[in-house]
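This report concerns only the one structure given below.
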Amino acid sequence: MKVLFADDEKSLQELMRLELPRMGHETTVCPDGATAMAALDRNTYDCILVDLDMPGCNGIEVIARAKQLSPETEAIVLTGKSSLETAVAALRYGAFDYLTKPCRLADLEALLRRVAEKRELTNKYRALKTRLDRIEGTPELIGQSAKIDEVRRLVAKVAPTNSTVLIQGETGTGKELVARAVHEQSLRADMPLVPVNCGALPENLIESELFGHRKGAFTGADEHRTGLLQVANGGTLFLDEIGELPAAMQAKLLRFLESGEVRRLGDNDAFNCDVRVICATNRDLAGMVAAGEFREDLWFRVNTFEISLPPLRERTEDIPLLARRLAMRFGAPRGNEDAIFAPETLDVLMSHSWPGNVRELANVVEHALILCDSLPIRPEHLPQRLGRQSPPARPTATRNLQEIEMLAIHDALDRHSGNKPKAAAELGISVKTLYNKLNQAATLSKTA
């Protein structure tokens, strides 16, 4: 690291000129606080080592100046006063830790190693966050229609509160994006947003995932596990597909929402977690309550504030803007957005029913960019199911068996947003058979 050392004792100055470089650090040694201030104005340091009692400017003033110029600079205080008050004062002004003089070089080296490890973790976190932001994009609700404007208005209203939010909408409409927008605009934005897909968790592991468990709580519990509610402490827990929660977990979730208490499996004592809960579903919870499939008291609890997302077919005027933004997200050059799609391509996109909603549109745009060697994207670059290659005119409205099969396959793929295993399960065929039929259709299309 780049380290600044400031102390008015000449013996310590000479010692640190030798020992800090030996530890692997680039070192600047200053004889007093004023010199340290001047050095801080000229350079940025990873860590500063300062004596509290120096002529001119004391160590607290040097720390304050360093934090003002570079908040990421860590400070270690050296003091001959071993009182608790001195240490607390230094920590209050942002010091990482303190050492009392005389200190052992081994202790100093260990403390500098901790500072370096903290900086490394911070840098890794930033790198991962940058990659995640690039993949997920910012939680921007794209569109100019009245319906998406209403969604934005509701998000802005509920975000600053701690109210539980229920987001309803069809698959692929962007429920997680809305949950992220609520979190990012809330007072908890600096804390974690933890998403959980309730439908993807095995029933026998849901409680352990949400609440955690102690080692030995059940067969296979070989170590302690922190539950996702505790991971989200101070932040937001996003429960996607909450309608898939089994009855036993509905009762436990209700208890948490009412009390804020978390009890890990195998623990006798509960502890409190400050977590805001946002739920989402594509199912009719009111109908499930009437059918006895969802607890009415839990429905009332999660439905404090409801946001309904419109399907894409009800806001077709947003499709051109959405398609262009998605294309740029997948690598289309920025600049002239109007040149990404040919007008006739936008006509095809706007005439499609979009059963898979925005998720399906994203898949279609990515598919088109792969096929397109140069912009603009034309109708022939779109997937066949969007009607880019109409079958030849026939004297009658009849279809052959293969055409009927392909219509059924593409309808199933649309309903499951291109997920082939789910589409195959719905059609009652194997995934291998589904691939064979798609390949046969593609081969016939090329030879036609």
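The values are calculated or read from the model by the stated rules, or taken from the named source; none is laboratory data. Fair warning: this is a prediction, and the values are worked out from it, not measured in the lab. Using ideal geometry, Cβ is built from the backbone for each residue, glycine included, and neighbour counts are taken over all protein chains shown.
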Just to confirm my filter: which strands (runs of 3 or more DSSP E) fall fully inside the range 1-113 and include at least 3 residues that are touching a residue at least 24 places away in the same chain (Cβ under 8 Å), out of contact with any strand residue (DSSP E or B) (no Cβ under 8 Å at 6 or more places or on another chain) and surrounded by 15 or more Cβ atoms within 10 Å (Cβ to Cβ)?
none
Enumerate the pairs (first residue in the range 257-275 and in the same structural domain as A221 (by TED's automatic domain parsing); second residue anywhere and of a type in the set (V, I, T) and outside any strand (DSSP E or B)) with beta-carbon separation below 9 Å, excluding pairs fewer than 6 apart on the same chain, so at least 6 apart or on different chains.
L257/T164; L257/V302; G260/V275; V262/V275
Matching residues in the range 277-300 - criterion: being in contact with a Leu (Cβ under 7 Å, 6 or more places away or on another chain), basic (K, R) and over 15 Å from A247 (Cα atoms):
none
Give the residue, chosen from A423, A408, that is at pLDDT 80 or above, within 33 Å of the chain's Cα centre (by Cα) and closer than 16 Å to G356 by Cα.
A423
With the condition kept exactly as written, say whether any residue in the range 93-116 is at pLDDT 75 or above and over 20 Å from D51 (Cα atoms).
yes
Quick check on G292: is it over 19 Å from E170 (Cα atoms), surrounded by fewer than 15 Cβ atoms within 10 Å (Cβ to Cβ) and under 25 Å from the mean Cα position of the chain (by Cα)?
no
Return yes or no: is N357 in contact with a Ser or Thr (Cβ under 8 Å, 6 or more places away or on another chain) and either modelled with pLDDT of 95 or more or not assigned by TED's automatic domain parsing to the domain that holds I278 (or both)?
yes
State which residue is modelled with the highest pLDDT when the search covers only the range 364-402 and only residues that are exposed (fewer than 12 other Cβ atoms within 10 Å of the Cβ) and assigned to a helix (DSSP H, G or I).
I370
What's the total number of residues in the range 345-354 that are in contact with a helix residue (DSSP H, G or I) (Cβ under 6 Å, 6 or more places away or on another chain) and either in a helix (DSSP H, G or I) or farther than 19 Å from R385 by Cα (or both)?
5
Taking the residues in the range 200-247 that are among the hydrophobic types (A, V, I, L, M, F, W, C) and assigned to a strand (DSSP E or B) as candidates, determine which candidate is nearest to V178 (Cα to Cα).
F238
Looking at (1) assigned by TED's automatic domain parsing to the domain that holds N197; (2) over 23 Å from the mean Cα position of the chain (by Cα), which is the only condition V302 fails?
(2)
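A quick yes/no check of all residues on (1) touching a residue at least 40 places away in the same chain (Cβ under 8 Å); (2) crowded, with 19+ Cβ neighbours inside 10 Å:
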{"site": "E296", "(1), (2)": "no, no"}
{"site": "F305", "(1), (2)": "yes, no"}
{"site": "L309", "(1), (2)": "yes, yes"}
{"site": "R313", "(1), (2)": "yes, no"}
{"site": "R324", "(1), (2)": "no, yes"}
{"site": "G335", "(1), (2)": "no, no"}
{"site": "S351", "(1), (2)": "no, no"}
{"site": "A362", "(1), (2)": "no, yes"}
